[in-house]
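The values are calculated or read from the model by the stated rules, or taken from the named source; none is laboratory data. Computed from a prediction, not measured in an experiment: that's the story for all the values here. All Cβ positions, even for glycine, are placed from backbone atoms using ideal geometry, and neighbour counts span all protein chains on display. What goes into the accessible areas is simple: the full protein's heavy atoms, side chains included, and nothing from ligands, DNA or RNA. Shrake-Rupley method; radii C 1.70, N 1.55, O 1.52, S 1.80 Å.
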Amino acid sequence: MKTNALKGTLKATTRTFKSGNSIAVRIPHEFNLEAGKTFEIKRRGRELVLVERAENLGAIVEILQSMPSDFFAEGRVDLPPQERDFSAMFDEPVIKPKKKQASKTPSKAIAKKK
């Protein structure tokens, strides 16, 4: 079992095993998981990510109810997007594409089908 002190994460090696018609993974007790909890499994590239599912939406309702009544009373004010120069990221100058105008003549692909 390895602990990354900078990130506060645990790392362990385990194996899969057959459990009925499913494949199971034994999770070491250092991860402090309770038996019987429900998790969502997500695939992210070569990783499998376990995310504990909330028992119910009660916690979210409590958080929303605890917010002050004047929260966003004036509405949300968004600033316009900033102009940025991305030319340093590319070897060639960045050119905004021109909008294509609708063609009045059928395309070559359509013309070939007839």
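Taking every residue in the stretch 1-25 that is more than 18 Å from Val49 (Cβ to Cβ) and modelled with pLDDT of 90 or more and pairing it with any residue that is open to solvent by 70 Å² or more (accessible area, probe 1.4 Å) and of a type outside the set (S, T, N, Q), at least 6 positions away or on another chain, the pairs with Cβ-Cβ distances below 9 Å are Arg15/Val25; Arg15/Arg26; Phe17/Ile23; Phe17/Val25; Phe17/Arg26. Residues that are over 24 Å from the mean Cα position of the chain (by Cα) and small (Gly, Ala, Ser) were ranked within the stretch 13-57; the one that is least open to solvent (accessible area, probe 1.4 Å) is Ala24. Please verify whether the stretch 59-81 includes one or more residues that are at pLDDT below 75 and either surrounded by 10 or more Cβ atoms within 10 Å (Cβ to Cβ) or among the acidic types (Asp, Glu) (or both). No, the stretch 59-81 contains no residue that is at pLDDT below 75 and either surrounded by 10 or more Cβ atoms within 10 Å (Cβ to Cβ) or among the acidic types (Asp, Glu) (or both).
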